[in-house]
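Reviewing the structure listed below.
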Amino acid sequence: MSSIISVKNLEKSFMDGKEVTKVLKGIDLEIQKGEFVAIMGRSGAGKSTCLYQLSLLDHPTGGQIIIDGKNTEKLDSDERTKFRLYELGYVFQDYSLIPELSAVENVMLPLLMQGVSKADALARAEESLRSVDLSHRLDNLPSEMSGGEQQRTAVARAICHRPKILFADEPTANLDVASSQRVMEIFRSLNKSGLTIVMVTHEEEYGKLADRVIRLSDGKVV
């Protein structure tokens with residue numbers, strides 16, 4: 001297997017007035033293509049901060065992140081946006097769906113932003129929702145769906161453009177046990193089909209479903 005993410009000496013600090021808080025303190029890690037990795041650790045260990053750097057949603061203070069052979073720090077703002085749109089998928093704990101749009105319209109959005117035709121985007125969005133057992137919810141608004149259905153819609157949106165890597169930040173945090181297990185089954189199935197998944201979780205039982213756990217403590221890999 002070859003590395004799809006390679007991280008060297010990753011650092012992230014935040015300024016709070018005159019105080020500098022170091023959250024990530026020199027992280028080195030490799031994630032292989034097709035691997036399902038869970039990032040775990042106590043609250044405040046730097047898990048979500050680490051994910052935000054790896055997924056290009058934030059800029060690190062120092063260090064190097066190479067994704068699929070590209071040194072991401074050399075990308076300008078437009079190139080980063082394009083890279084995220086085409087190569088990466090995201091699932092957040094709060095679903096991040098647009099309340100005024102139906103499930104299928106939410107899922108179509110990334111495809112339309114890529115310039116895919118409306119007919120094509122619709123067909124692919126419907127297929128993506130079918131793959132997470134939501135073909136009966138195409139025209140429902142988020143407010144008409146349960147938390148588990150909203151999160152599965154978010155997963156469908158994250159995978160409809162066939163990203164190389166799926167990043168998930170506490171994807172089961174707001175869900176009941178049955179819905180959480182269903183989301184994890186979908187992740188396992190996506191991973192078996194070859195998708196690389198990087199997931200932050202504080203749930204030990206879901207961490208065990210990953211191929212490997214990277215544990216953080218006080219901003220370092222332990």
**OP:** Could you identify the single residue in L209, L195, L175 that is aliphatic (A, V, I, L, M) and open to solvent by 30 Å² or more (accessible area, probe 1.4 Å)?
**Re:** L209
**OP:** For residues that are charged (D, E, K, R) and surrounded by 14 or more Cβ atoms within 10 Å (Cβ to Cβ), tally how many sit in region 9-29.
**Re:** 4
Original post:
Of the residues in region 4-47, how many are modelled with pLDDT of 95 or more and hydroxyl-bearing (S, T, Y)?
Top reply: 2
Original post:
How about region 178-189: which of its residues are of a type in the set (A, V, I, L, M) and open to solvent by less than 30 Å² (accessible area, probe 1.4 Å)?
Top reply: V183, M184, I186
Original post:
Hey, among R130, R124, R80, R162, which residue is of a type outside the set (A, V, I, L, M, F, W, C), assigned to a helix (DSSP H, G or I) and within 18 Å of the chain's Cα centre (by Cα)?
Top reply: R80
Original post:
Looking at (1) within 25 Å of A173 (Cα to Cα); (2) assigned to a helix (DSSP H, G or I), which is the only condition L97 fails?
Top reply: (2)
Original post:
Among the listed residues V200, V155, V221, which satisfies the condition of being touching an Asp or Glu at 6+ places or on another chain (Cβ under 6 Å) and closer than 23 Å to L56 by Cβ?
Top reply: V200
Original post:
In this structure, does R137 turn out to be in contact with a Leu (Cβ under 8 Å, 6 or more places away or on another chain) and open to solvent by 10 Å² or more (accessible area, probe 1.4 Å)?
Top reply: yes
Original post:
Could we say that E73 is modelled with pLDDT under 95, of a type in the set (D, E, K, R) and part of a helix (DSSP H, G or I) here?
Top reply: yes
Subject >> Unique match (being charged (D, E, K, R) and in contact (Cβ under 8 Å) with a residue 12 or more places away in the chain) among R157, R162 >> reply: R157
Original post:
Quick one: E100 ticks every box in (1) among the acidic types (D, E); (2) over 20 Å from the mean Cα position of the chain (by Cα); (3) closer than 29 Å to K192 by Cα bar one, so which box is it?
Top reply: (3)
Original post:
If we scan region 8-26, do we find a residue that is closer than 22 Å to E203 by Cα and assigned to a strand (DSSP E or B)?
Top reply: yes
**OP:** Say whether the condition of being at positive phi, at pLDDT 95 or above and out of contact with any Gly (no Cβ under 9 Å at 6 or more places or on another chain) is met by at least one residue in region 167-174.
**Re:** yes
**OP:** Tally the residues that are over 23 Å from E30 (Cα atoms), open to solvent by less than 20 Å² (accessible area, probe 1.4 Å) and among the β-branched types (V, I, T), restricting the search to region 66-125.
**Re:** 2
Original post:
Which condition number in (1) open to solvent by 50 Å² or more (accessible area, probe 1.4 Å); (2) in a loop (DSSP other than H, G, I, E, B); (3) under 18 Å from L195 (Cβ atoms); (4) at pLDDT 95 or above is the one that M1 fails?
Top reply: (4)
**OP:** Within region 189-197, identify whether any single residue is touching a residue at least 60 places away in the same chain (Cβ under 8 Å), part of a helix (DSSP H, G or I) and of a type in the set (S, T, Y), and answer yes or no.
**Re:** no
Subject >> Scope region 57-82; condition touching a residue at least 24 places away in the same chain (Cβ under 8 Å), touching a strand residue (DSSP E or B) at 6+ places or on another chain (Cβ under 7 Å) and either closer than 19 Å to S2 by Cβ or of a type outside the set (V, I, T) (or both); matching residues >> reply: P60, G62, G63, Q64, I65, I66, I67, D68
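The values are calculated or read from the model by the stated rules, or taken from the named source; none is laboratory data. These numbers were taken from a predicted model, which means no experiment stands behind them. Don't worry about glycine lacking a Cβ; one is built from the backbone with ideal geometry, like all the others, and counts go over all protein chains shown. What goes into the accessible areas is simple: the full protein's heavy atoms, side chains included, and nothing from ligands, DNA or RNA. Shrake-Rupley method; radii C 1.70, N 1.55, O 1.52, S 1.80 Å.
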